[in-house]
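Engineer: Following this message is one structure expressed as structure tokens.
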Protein chains: 2
Amino acid sequence: MICSIAIDIGNTRTHLGLISPDNRTCLKRSDFPSVQTQEHILAAVNDLAETCNREIKYITVSGGIRNAVIQSLETLRKSYENVHEFKYTQGLPVRFEYKDVSVLGSDRIAHALYGNFAFPGQSLIIIGSGTAITVDLLIKNEFRGGVILPGLNMQLNSLHISTDALPDVSLKGDFSLPGKSTEQCIRAGVINGTAWALEKIVNKYKELFPSEKFRIISSGGAWAQLEDVVSFRAEFIPDMTLLGVSLFPCYL
Amino acid sequence: MICSIAIDIGNTRTHLGLISPDNRTCLKRSDFPSVQTQEHILAAVNDLAETCNREIKYITVSGGIRNAVIQSLETLRKSYENVHEFKYTQGLPVRFEYKDVSVLGSDRIAHALYGNFAFPGQSLIIIGSGTAITVDLLIKNEFRGGVILPGLNMQLNSLHISTDALPDVSLKGDFSLPGKSTEQCIRAGVINGTAWALEKIVNKYKELFPSEKFRIISSGGAWAQLEDVVSFRAEFIPDMTLLGVSLFPCYL
């Protein structure tokens, strides 16, 4: 079994996945806080490589923290061959309609690659709900842009940090509205507000492209919280970012 | 003309208003950064008191920054009589259905007081759009709770501060969706997302209380940005927080 390893250095945590030879499944994954990337990256890759009892075909490193990506590439190249940096290149099978693709988030590129690979020629609304929430359009292999919103935890944290009086609220608990305590008011506003914003964004996309039959796919840890509140259904792809990252070397 | 002065020490800026004897109009206002409250508060009050060529009936100090409120009260009481701290008391003409009214934001109490005073016996949806956005329900003189969301600038700042890759985006510029640049994606997500969240929250309130005929009133600096995006109409009350604060001594 010739597997590959995909690495996504996110704003909060670094995720690693051992990806099946057909790039369809994440066979094993691990993660640690992104601030500890240099300490843990080699051991984490070694651990995944051991699980895979044959050869690691390639390792692809992606992420928004530039320095951590560069240092990780250096570290891994000392021990492994075929270590790639995930980034936009002209060889990718998706055309990106974007002002400056070099600053387009690698997670959004990875999602577009996955969408194009798994659902070729289809029109997709792709929701990524991590530290930030992205809702992007992929219409017949063309990335047509999207929106970025603060993620649920980012909103909760910012209300606490940027005000003197508001408490630090967790996602767990009553979020029905109208809230009858400050915790409930915050949860009711943030969870329902975000879900309803997504609902309207999805509807707006459908209005803008009335002839497309959209498939909605989603990924990210916060989706579990949002999916019961939104009125639309999305197919949840648990490791979409890592699967998208793992596709990169196919197009070199 | 016997005026009063209302002071609101907000998370970002401290606002002062010279309020007309009938508590309906803010005749003159001034503001400065809240971190400079102790430096500026007495001079700013003196300045407003000079504008009013008779007597200042009372001064009411409100705000979410507890220490700044207490210090301001001390400072002002050395020079003025009838300096009050705005806070919940049982004498207020609004009944608050809330878990712990002592931690309910003073801006939200002020808005409820203003709503009750200006539109007695009516059912109101009250939107305050400052550092945070609040959407509260006042049904026939009863405060029935609400929601709290991060304000527009708070969302823009948090996306920049909490991620390594996202830029610091201002509210000004194209916010149509889908965004074709990272700036536009953020603006499109934050402005439309927040407006649509508010729209759905307002609709949900109407659904929950189908027999009420709601009047929607709003205040705060960010409303100008939101009012063109939401589908509902709200009456904008420019100085609603200060007007609400100025009402407090009437109920002592």
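Engineer: Once you average over the residues of A:201-209, how many Cβ atoms of partner chains fall within 10 Å of each Cβ?
Structural biologist: Numbers: counts 7, 0, 1, 6, 2, 0, 0, 3, 1.
Across the residues of A:201-209, the mean count of other-chain Cβ atoms within 10 Å is 2.
Engineer: To continue, here is another question. Among A:Thr163, B:Ile161, B:Ile148, which residue has its Cα positioned farthest towards the positive end of the charge dipole of the protein assembly as shown, with +1 placed on the Cβ of Lys and Arg, -1 on the Cβ of Asp and Glu, and the dipole taken about the Cα centre?
Structural biologist: Most positive-ward Cα: B:Ile148.
Engineer: Moving to a separate point now. If you restrict to DSSP beta bridges whose two residues both lie in the stretch A:122-239, what percentage is antiparallel, to the nearest 5? It would help to have the intermediate numbers written out before the result.
Structural biologist: Details: 14 of 22 bridges.
That works out to approximately 65 percent antiparallel.
Engineer: Turning to a different aspect of this structure: Assume the label is 7 Å from Cα along Cα to beta carbon: what separations in nm does A:Pro238 have to the matching positions in the other copies?
Structural biologist: 5.8
Engineer: From the label point of A:Phe209, set 7 Å along Cα to the beta carbon, how far off in nm is each other copy's matching point, shortest first?
Structural biologist: Here A:Phe209 shows inter-copy label distances of 4.1 nm.
Engineer: Residue by residue, what Karplus-based ³J(HN,Hα) values in Hz, rounded to whole numbers, does the stretch B:110-118 have, using 6.51, -1.76 and 1.60 with θ = phi - 60° and x for Gly and Pro?
Structural biologist: Going residue by residue, I get 4, 4, 5, 4, 5, x, 5, 6, 7 Hz, with x marking Gly and Pro.
Engineer: What distance in nm separates the simple spin-label points at B:Leu171 and A:Glu207, each placed 7 Å from Cα in the Cβ direction?
Structural biologist: Between B:Leu171 and A:Glu207, the label points sit 2.2 nm apart.
Engineer: Report the local net charge at A:Gly221: Lys and Arg +1, Asp and Glu -1, summed over other residues whose C-beta lies under 14 Å from its C-beta. Working shown, then result.
Structural biologist: Working: positive: A:Arg13, A:Arg29, A:Lys172; negative: A:Asp8, A:Asp31, A:Asp107, A:Glu227, A:Asp239.
For residues surrounding A:Gly221, the net value is -2.
Engineer: Related question: For the stretch A:122-239, with only Lys/Arg (+1) and Asp/Glu (-1) charged at the beta-carbon, what is the dipole magnitude about the Cα centre, in debye rounded to 20? Don't jump to the answer; show the numbers that get you there.
Structural biologist: Numbers: 11 positive and 13 negative charges, 73 e Å.
About 360 debye.
Engineer: Sticking with this one: Can you list, by residue number, the Cys in chain A that have no neighbouring cysteine C-beta under 4.7 Å?
Structural biologist: Lacking a cysteine Cβ partner under 4.7 Å: A:Cys26, A:Cys185, A:Cys250.
Engineer: If you don't mind, there's one more thing I want to ask. At 7 Å along Cα-to-Cβ for each site, give me the label-to-label distance between A:Val35 and B:Arg77 in nm.
Structural biologist: 4.2 nm
Engineer: How shielded is B:64-77 by partner chains, expressed as the average number of their Cβ atoms within 10 Å of its Cβ atoms? Don't skip to the answer; put the middle values down first.
Structural biologist: Working: counts 4, 3, 2, 1, 1, 1, 0, 0, 0, 0, 0, 0, 0, 0.
Per residue, the number of nearby Cβ atoms from other chains is 1 on average.
Engineer: Report the net charge of residues surrounding B:Ile237, where surrounding means a beta-carbon distance below 12 angstrom and charges are Lys +1, Arg +1, Asp -1, Glu -1.
Structural biologist: Values: positive: B:Arg24, B:Arg215; negative: B:Glu235, B:Asp239.
My count for the surroundings of B:Ile237 gives 0.
Engineer: If you don't mind, another one. Provide the per-residue ³J(HN,Hα) series for the stretch B:66-72, in order, calculated from phi with Karplus coefficients 6.51, -1.76, 1.60 and θ = phi - 60°, each as a whole number of Hz, with x at glycine and proline positions.
Structural biologist: With coefficients 6.51, -1.76 and 1.60, one gets 3, 4, 5, 5, 5, 5, 5 Hz.
Engineer: Another question, if that's okay. Give the relative contact order (percent, whole number) for chain B; include only Cα pairs under 8 Å separated by 6+ residues. Don't skip to the answer; put the middle values down first.
Structural biologist: On the way: 479 pairs, mean separation 49.6, N = 252.
Here the relative contact order equals 20 percent.
Engineer: With charges only on Cβ, +1 for K and R and -1 for D and E, what is the dipole size of the protein assembly as shown about its Cα centre, in debye, rounded to 20?
Structural biologist: Numbers: 48 positive and 52 negative charges, 168 e Å.
Dipole of the protein assembly as shown, to the nearest 20 debye: 800 debye.
Engineer: Give a residue-ordered list of calculated ³J(HN,Hα) values for the stretch A:168-174 (Karplus: 6.51 cos²θ - 1.76 cosθ + 1.60, θ = phi - 60°; whole Hz; x for Gly, Pro).
Structural biologist: 7, 10, 8, 5, 7, x, 5
Engineer: Give me the percent relative contact order of the stretch A:122-239, please, defined on Cα pairs under 8 angstrom at least 6 residues apart. Show your work: numbers first, answer last.
Structural biologist: Working: 187 pairs, mean separation 30.6, N = 118.
With pairs under 8 Å counted, the relative contact order is 26 percent.
Engineer: So what is the relative contact order of the stretch B:59-208, in percent, for Cα pairs below 8 Å that sit 6 or more residues apart? Mind dumping the intermediate values first?
Structural biologist: Details: 200 pairs, mean separation 19.9, N = 150.
Answer for the stretch B:59-208 is 13 percent.
Engineer: Sticking with this one: Divide by every residue of chain B the summed helix terms, -39500 (n - 2.57) for each DSSP H run of at least 4, and state the resulting mean residue ellipticity at 222 nm, rounded to the nearest 500 deg cm²/dmol.
Structural biologist: On the way: 8 runs with 85 residues, N = 252.
Counting only the DSSP helices, I get -10000 deg cm²/dmol.
Engineer: Sticking with this one: Between copies, how far apart are the A:Ser30 label points? List them in nm, one decimal, shortest first, with each point 7 Å from Cα toward Cβ, please?
Structural biologist: 6.3
Here, each number is a calculation from the coordinates, and none is a lab measurement. Quantities reported herein were computed from a predicted structural model and do not represent experimental measurements. Reconstructed Cβ throughout: ideal geometry from the backbone, glycine too, with neighbour counts over all protein chains shown.
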